[in-house]
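I have placed the structure first, in the form of structure tokens, so that the comments after it can refer back to it.
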Amino acid sequence: MKQYIVKNQKKLALGYTTGSCAAGAAKAAAQALLSGQPVRQMQLMTPKGIALTLDIEHMTRTPEQVRCAVRKDAGDDPDITHGILIYAEVQKIPAGVVIDGGEGVGRVTKSGLAQPVGTAAINPGPRQQIADAVHRAAQQNGYGGGFSVTISVEDGEALAALVQQYYESR
């Protein structure tokens, strides 16, 4: 169900962040991995306390991992990722949550940012949201182990090139 806010006397449709898409896809993948059942929709609470129902558009599975995708809806504040698929691939590990970036997710190249050089360019807020989401799936399924989560972005490299061209042309 679409939610709206009024800003400057305009009714604006709310969307959801790339981080929420990644967290929803990760939670769906963890749920499917642990339950053995397909997931069509996933409930997720955002850090701002907004309840989301996210459609799971793609799901593939092997005995060891499940990969799910959520389509980004930026609402009336679109960005370059509006309409693309955000994927999460989840595997079981003995303990903890390890989050990395796959295809289309950049790598930190300079020190001084929130993540160490060489790691996936996924900010601390979305990292925590992803970790919380898979922990919730573990709790719901009585699983005490951990997860490896790999986030990828449909056409992410091409989108990054477009952004770079834009900034270089300014």
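The values are calculated or read from the model by the stated rules, or taken from the named source; none is laboratory data. None of these values were measured; they are calculated from a predicted model. Cβ placement follows ideal geometry from the backbone for every residue including glycine, while neighbour counts extend to all protein chains displayed. Accessible surface is based on the protein model in full, side chains and every heavy atom, while ligands, DNA and RNA are left aside. Shrake-Rupley method; radii C 1.70, N 1.55, O 1.52, S 1.80 Å.
Summary of values
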quantity: Added length on full extension, which subtracts the Cα-Cα distance from 0.36 nm per residue, Q115 to A161; calculated: 14.4 nm
quantity: Karplus-derived 3J(HN,Hα), 6.51/-1.76/1.60, for each residue of the range 55-62, Hz, glycine and proline x; calculated: 7, 9, 8, 9, 8, 10, 8, 10
quantity: Per-residue [θ]222 nm for the chain (sum of -39500 (n - 2.57) over DSSP H runs n ≥ 4, rounded to 500); calculated: -9500 deg cm²/dmol
quantity: Surface/4 estimate of mean projected area, convex hull on alpha-carbon atoms of the chain, nm²; calculated: 11.3 nm²
quantity: Accessible area per residue in Å² at 1.4 Å probe, computed on the range 58-170; calculated: 58 Å²
quantity: Principal axis dimensions, largest first and in whole angstrom, of the range 58-122 by Cα; calculated: 37, 32, 18
quantity: Packing-based ranking, highest mean first, of 74-80, 62-68 given that Cβ atoms within 10 Å are counted; calculated: 62-68, 74-80
quantity: Portion, in percent, of the accessible area of the chain that falls on carbon or sulfur, probe 1.4 Å; calculated: 50 percent
quantity: Linear extension gain, H135 paired with M45, 0.36 nm per residue minus alpha-carbon span; calculated: 31.1 nm
quantity: Cα-Cα P(r), the range 78-170, percent of pairs per 5 Å interval; calculated: 3, 12, 18, 21, 19, 13, 7, 4, 2, 1, 0
quantity: Signed unit charges on C-beta, dipole axis of the chain, positive-most listed residue T62, Q165, A74; calculated: A74
quantity: Segments 89-99, 30-40 sorted - mean Cβ within 10 Å per residue, highest first; calculated: 30-40, 89-99
quantity: Lysine-lysine proximity count for the range 1-119, Cα under 29 Å, sequence distance 8 or more or distinct chains; calculated: 18
quantity: Beta bridges per DSSP with both ends in the chain, % antiparallel, nearest 5; calculated: 85 percent
quantity: Contact order relative to length of the chain, as percent, for alpha carbon pairs under 8 angstrom and 6 or more apart; calculated: 25 percent
